[in-house]
1. If each residue's Cβ is checked for other Cβ atoms within 10 Å, how do LEU32, LEU104, LEU216 rank with the fewest at the top?
2. Can you say what percent of the DSSP beta bridges in the chain, counting only those with both residues inside, are antiparallel? Round to 5.
3. Tell me, what is the Rg over Rh of the range 1-61, with Rh the Kirkwood radius over Cα pairs?
4. Expressed as a rounded percentage, what relative contact order does the chain have, with Cα pairs under 8 Å and six or more residues apart?
5. Mind listing the lone cysteines of the chain, meaning no other Cys beta-carbon sits under 4.7 Å from theirs?
6. Give me Rg/Rg_expected for the range 280-350, where Rg uses Cα atoms only and Rg_expected = 2.2 N^0.38 Å with N residues.
7. Between the range 266-291 and the range 196-248, what is the separation of their alpha carbon centroids in Å?
8. Please compute the Cα-Cα pair-distance distribution of the range 345-454 with 5 Å bins starting at 0, giving whole percents from short to long.
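Quick note: the coordinates plus some simple rules give every number you see, no bench work behind them. Source: prediction; values computed, not measured. Neighbour counts run over all protein chains shown; Cβ positions are idealised from the backbone, glycine included.
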Amino acid sequence: MKLNFDLVVIGGGSGGIACARRASEYGAKVALIEGDRLGGTCVIRGCIPKKLMMYASTGIDSIHNINTFCWEGINVRDLHFNTSLWQKKKTEEIKRLEDIYEKLLLSSNVRLFRGFGFIDDSSKVKTENEILSTERIVIATGGKPVKDSISGLNLASTSNDILELDHLPEELAVLGSGYIAVEFASILSNFGINVSLFFRSDLPLKGFDKDIRKRLFGHMESLGISMYPNSNIQKIEKSCKKLTVTVDGHRKQFDKILNALGRSPNVPEIEKSLNIARGKIGEILVNDFNETSIPNIFAIGDVTNRLNLTPVAIAEGRALAENEFNNGKLKVEHQSVASAVFSNPPIGSLGLTEVEAQKKFENQNIKIFESEFNPMKYSFSSKKKKIYIKIIAQGIDNKIVGAHMIGDDSPEIIQTLAIPFKMGMRKSDLDNTIAVHPTSAEELVLLRKPTRVLQSNGS
């Protein structure tokens, strides 16, 4: 059967759905093809279930803190995490969100096709039973766990598997140093699991500010996570009911091993003859308007490997629809997007790191403002969790070009900075703001003097 559309979107994740719905709002006849579940990585096997798991894992820590505020009769040793109940409630919540997505597509008059789509040419997409003729095609197929040359890596679990655990292991190794690695290492350690983190670099979270990375390393060690930087992970083998990982010639046994070595663009065999231009790791190359090398074929989200965040994919999808069906000329600006890592403690990041600022401005009048303090929440606790804040300003007018935090509530606080940051906030704007007291966020407006000033000589 042949059907005609103005737009066919391949991929039912957050970006694809946002694009399809917005285009339909502008009067386009839209089809969306999804071969798995609606919602994509974020909703089904990423951000949402992972953060729910994070909340579940903080129970013991919360009770420890309650005890310091003079509550009696709560014994942590009496607690037991009901994995079966957790899986039931998590599954119900994800299904609820998935159903919402389907209803939103229906109410937006987007036609949903279940299965896989194959691009026949720039105006035709084939499904199992239909041929969809279209003026525009959007590839929004997301990302997938990266494959590595490590022998036996197929024996390791992925983050998808960890979210489906029916019981908690006693000993677990995490391979990797990115946000997935440190988040799951933190979560599983919170549950009382003995966690070891193996990574090839000297610090976790490449790309984040070095002062944040150093503090995260120390915090994770203080939580009892065994940190193995500069590791050469050689192979994984199965031995009885255990898994053995060989690192730098030394063998270590674990109940489970998590492959968190990163993610790569998920570019399935949706086109064979068009030869859409790809990048070094297989990502689909696009311009500022999400156009690929083939006219009328677009790509958004993680499959383009630009800034792989769900809100960014949504923004790219909506901008594409605006441009194609409402005469827009929108470009998604990736430089002022706040990001978070839900590690223990969590991290918030915005703009340039100190090293990036030095490189961009050649050490011309860069001021670093820093503060590290114990939040009031831990006033009575022997286990302090300090918050560290770093603001990077540049130029005579002290324009803020970077802001970074590690500690409780960092993601929430950094989000509030993203709006004025995008508007060109100066350090004086923070100085002239009256704080809410007592809060951790008030420290942002109390950073009066720089701790360091970087000039062209590097001082």
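1. Values: LEU32 28, LEU104 15, LEU216 25.
Sorted ascending by nearby Cβ count, the order is LEU104, LEU216, LEU32.
2. On the way: 49 of 83 bridges.
In the chain, DSSP labels about 60 percent of beta bridges as antiparallel.
3. Numbers: Rg = 16.5 Å, Rh = 13.4 Å.
Taking Rh as the inverse mean 1/r over Cα pairs, Rg/Rh reads 1.22.
4. Numbers: 941 pairs, mean separation 70.2, N = 459.
Reported relative contact order: 15 percent.
5. CYS19, CYS70, CYS240
6. Values: Rg = 13.9 Å, N = 71, 2.2 N^0.38 = 11.1 Å.
Here the answer is 1.25, to two decimals.
7. Result: 33 Å between the Cα centres.
8. Bin by bin from 0 Å, the calculated values are 2, 12, 23, 25, 20, 10, 5, 2, 1.
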